[in-house]
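Step one of this worksheet: look at the structure below.
The values are calculated or read from the model by the stated rules, or taken from the named source; none is laboratory data. Just so it is clear, the model here is predicted, and its values are computed rather than measured. Every residue, glycine among them, receives a Cβ derived from its backbone with ideal geometry; neighbour counts consider all protein chains shown. When the accessible area is computed, the model is the full protein with side chains, heavy atoms only, and any ligands, DNA or RNA have been set aside. Shrake-Rupley method; radii C 1.70, N 1.55, O 1.52, S 1.80 Å.
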Amino acid sequence: AEGYDPRAVQDKWQARWAELDPFRAAEGEDGRERRYALDMFPYPSGDLHMGHAEAFAIGDVIARYWFQKGDNVLHPIGWDSFGLPAENAAIKRDSHPAEWTYANIDTQASSFQRYAPSFDWSRRLHTSDPEYYKWTQWLFLRFYERGLAYRKGGQVNWCPNDQTVLANEQVVGGHCERCGALVERRVLTQWYFKITEYADRLLDDMAQLEGRWPERVLLMQRNWIGRSTGADVDFVIEGRDEPVTVYTTRPDTLYGATFMVVAADADLAEEICDPGQRAAFETYREEISRESEIERLSTERDKTGVFLGRYAINPVNGERIPIWAADYVLAEYGHGAIMAVPAHDQRDLDFALKFGLPVRVVVDTGEADPAETGVATAGDGRIVNSGPIDGLAKADAIARITEILAGKGLGKAAVNFRLRDWLVSRQRFWGCPIPIVHCEGCGEVPVPDDQLPVRLPDDLRGADLAPKGTSPLAAAASWVNVECPKCGGPATRDTDTMDTFVDSSWYYFRYCSPGYDQGPFDVEQVRKWMPVDQYTGGVEHAILHLLYSRFFTKVLYDMGMVDFTEPFTRLLNQGQVILNAKAMSKSLGNMVDLGEQIDRFGVDVVRLAMLFSGPPEDDIDWADVSPHGMSKFLTRVHRIATEVTGPVGADPGTGSEDLRRVTHRTIDEATALVEVRRFNVAISRIMELVNATRKAIDSGPGAGDPAVREAAETIAILLSLFAPYTADEAWELLGRTAPVALAGWPSADPALLVQESVTCVVQVAGKVRDRLEVAPGITEGELESLALSSDKIKEALAGRDIRKVIVRAPKIVNIVPA
Ligand code: ANZ
Ligand code: ZN
């Protein structure tokens, strides 16, 4: 056991752990506390990369800490294995997406085994397995029965590159979240999940997550859901029976509405457009059909629009105002029409100034006239030019106007959400088939539960899967044509597959009972394990996956299948691994290769280097990381373990008290630091203990001292969270039985945490003249002679005699001169 060979140590323990299988969660009750440590499951896009290494190291520290504490820990792993890259690879290689997918899963699984996370491998799942997606389909059908899954036609986001529709959440800044292509709008009939029905609860239940989830994630979700309160106001339209309703957050500004704007792409605009303006309107509509939502809502852009040749009547003052169509009003928000108040809304002002429409101030904010400055005044102030509400402050004016409108039957208080229903159908092959059959006579017919899963056909390959704008499944005639489950007549299967975010919205429930075949999960097991205690993963899921999972959990709660409403009690978003301040990504060709780093330094060094580089939430610049430093440190740990000579089980109380104090302070601090996820600082405390132990061996009580053994064993246990292979090797070298992971977390002896010295104040005639560092147990006699021998005190006495010395050990000595 001379030198330290990280790779040999790693190979040895990897094999031993495979045999020992020490990280299985126990299903039954055994008195231990249950803990659920969850890592966002990987997509099998290739081998594991540095980003995975970072995320999984963090999740593993938490799980291993709980294991060490003696909890019954559920720490599962699986794969999010449906999705486009597999399909694109299959098209290129003339193969089936399953081939690429499962080959990559195997690669990742063996890399994981080497990377040493404390997984319960027996719970492994893949969302593309029929045993899994059967239950994704089952859940879809339950959503369908509850009216939460429905089909509707309308404008959708279309990715021209991936040739499929996208959910709003997958459009980032007008681009496809996956491939970056500029997203287009198309009118299509698609499947949706009615997440909007849960908008209020998704917002209100965030109170449970306050202080436990990163504040920025809560903020992003809050903004995405975007609850807005205001009023609906009806405007009578000249020459039309039905009034047009607008949604406004500022009914207090109703007297300042000088025109109305209708979303140019809404049916309403088309319908009310006067024949004289029809040609201009059509031209305009053609122009804007290619724009993204972001572009349209931008305040930076020059406003565009067209007069519709019609007029509306302002319900409070009877004023006749022109109706325009423009792209800055969205068809799908509120009622797709607004009252424009240019004095107090910047976009309306830009529009008014461009088209020469009147601007009327109705809130006196003390600022200059918006018509002159071009800057709308959105702040608070007294209402002016507004008849019965003149002089009121904003809140009172809103209440009063809403009351007046309600009295006339022309308006009411209203709430709006930015959140839209979740578009879940995709025109691609490698996903979970939608379990619906379309029959000419019966319409939409759910596939009966006993006919699930609706399996993907396995005879489509290569070019069959090429995107054509309709689902490749439509080409599989033998798959598509079925008997209607209701009437037995000829019918066809729905050929779309589900967004893969549907698969990942419920996988953490499945882990609680992965083989269960009576439902998606065993309700009893979920009750025992969930909610998840700690969820670790990337902030890129701040909205998508986390919002959808929260939605699923609430639906399951309403179905009576779970007894909690939030799935993830705590969330940790790890930072990214970057190089020279540039984010590593697939497009930049992942500049640092994980496999190569591991081959060079070993897993423990890579893990330790990542965890030591800073708090887990911070980005890691690999250029600043020192694997060599970590390697040296582990060599020192290993060497100490080889040198300890004291017998196993010797009473440490007979050993060096100085070293014991360092050991127990380290235990105390490292525990607190791990609890608050400050792993980097916990590691530096372990380093300090290693230094103290080294010193004790070299120039202190020596390698045979029981306190040295205690220190060395403590190092092995604490280190097992961060560098598990080396920790196990050290543990065995110390004569202990592997694995160290189950050794039990040490607790600090409070007696050894007592401060080693206290400060004693020495006064002469009531004035502080010196401070002495003394042992807490110092006697009065010792303290008195120590104080009297101090140079500063001698100086302060200046040869005077002493009348009296009052000693209060260990803190105060008061000398009264004669
Ligand atoms: C008059 C007004 C005066 C407005 C004022 C604002 C300030 P949030 O907070 O996002 O809900 N609006 C309503 N429907 C719209 C649509 N479909 N497309 C674009 N804009 C729309 O915003 C609500 C405000 O956005 C509404 O209040 C309306 O303009 C506009 F000093 O009405 B407001
Ligand atoms: Zn039928």
Among (1) open to solvent by 20 Å² or more (accessible area, probe 1.4 Å); (2) closer than 21 Å to Ile683 by Cα, which single condition is Gly575 missing? (1)
Condition (residue is crowded, with 18+ Cβ neighbours inside 10 Å and in contact with a strand residue (DSSP E or B) (Cβ under 7 Å, 6 or more places away or on another chain)) applied to the stretch 670-681: is it met by at least one residue? yes
Can you pull out the residues in the stretch 469-516 that are free of Cβ contacts under 8 Å to residues at least 60 places away in the same chain, among the aromatic types (Phe, Trp, Tyr) and either within 16 Å of ligand 1 (Cβ to nearest atom) or in contact with a Phe, Trp or Tyr (Cβ under 7 Å, 6 or more places away or on another chain) (or both)? Phe509
Of the residues in the stretch 385-398, those that are of a type in the set (A, V, I, L, M, F, W, C) and buried (at least 16 other Cβ atoms within 10 Å of the Cβ) number 4
Since Arg570 meets every condition but one in (1) open to solvent by less than 50 Å² (accessible area, probe 1.4 Å); (2) modelled with pLDDT of 95 or more; (3) under 20 Å from Phe679 (Cβ atoms), which condition does it not meet? (1)
Just to be sure, is Ser656 open to solvent by less than 30 Å² (accessible area, probe 1.4 Å), more than 30 Å from Arg212 (Cα to Cα), touching a residue at least 24 places away in the same chain (Cβ under 8 Å) and among the small types (Gly, Ala, Ser)? yes
Which residue out of Arg212, Arg227, Arg250 is within 12 Å of ligand 1 (Cβ to nearest atom), within 30 Å of Val555 (Cβ to Cβ) and out of contact with any Pro (no Cβ under 9 Å at 6 or more places or on another chain)? Arg227
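State yes or no: is Phe429 in contact with a Gly (Cβ under 7 Å, 6 or more places away or on another chain), in contact (Cβ under 8 Å) with a residue 40 or more places away in the chain, under 29 Å from Asn157 (Cβ atoms) and aromatic (Phe, Trp, Tyr)?
No: the conditions fail for Phe429.
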Candidate set: the stretch 713-726, residues that are assigned to a helix (DSSP H, G or I) and out of contact with any Pro (no Cβ under 9 Å at 6 or more places or on another chain); chosen: the one surrounded by the most Cβ atoms within 10 Å (Cβ to Cβ): Leu719
How many residues are of a type in the set (A, V, I, L, M, F, W, C), in contact (Cβ under 8 Å) with a residue 60 or more places away in the chain and farther than 18 Å from Tyr535 by Cα when one looks only at the stretch 203-234? 4
Inspect all residues belonging to the stretch 288-299 and state whether any of them is more than 10 Å from ligand 1 (Cβ to nearest atom), at pLDDT 95 or above and β-branched (Val, Ile, Thr). no
Any chance the stretch 470-493 includes a residue that's small (Gly, Ala, Ser), in a helix (DSSP H, G or I), away from ligand 2 (no atom under 16 Å from the Cβ) and open to solvent by less than 40 Å² (accessible area, probe 1.4 Å)? no
Between a residue in the stretch 20-31 that is in a loop (DSSP other than H, G, I, E, B) and any residue that is charged (D, E, K, R), which pairs come within a Cβ distance under 6 Å, given they are 6 or more apart or on different chains? Phe23/Asp120; Arg24/Asp120; Ala25/Asp120
Would you mind finding the one in Leu689, Leu611 that is touching a residue at least 40 places away in the same chain (Cβ under 8 Å) and surrounded by 21 or more Cβ atoms within 10 Å (Cβ to Cβ)? Leu611
Looking at the stretch 324-349, which of the residues that are more than 6 Å from ligand 1 (Cβ to nearest atom) and open to solvent by 20 Å² or more (accessible area, probe 1.4 Å) is farthest from Ala371 (Cα to Cα)? Glu332
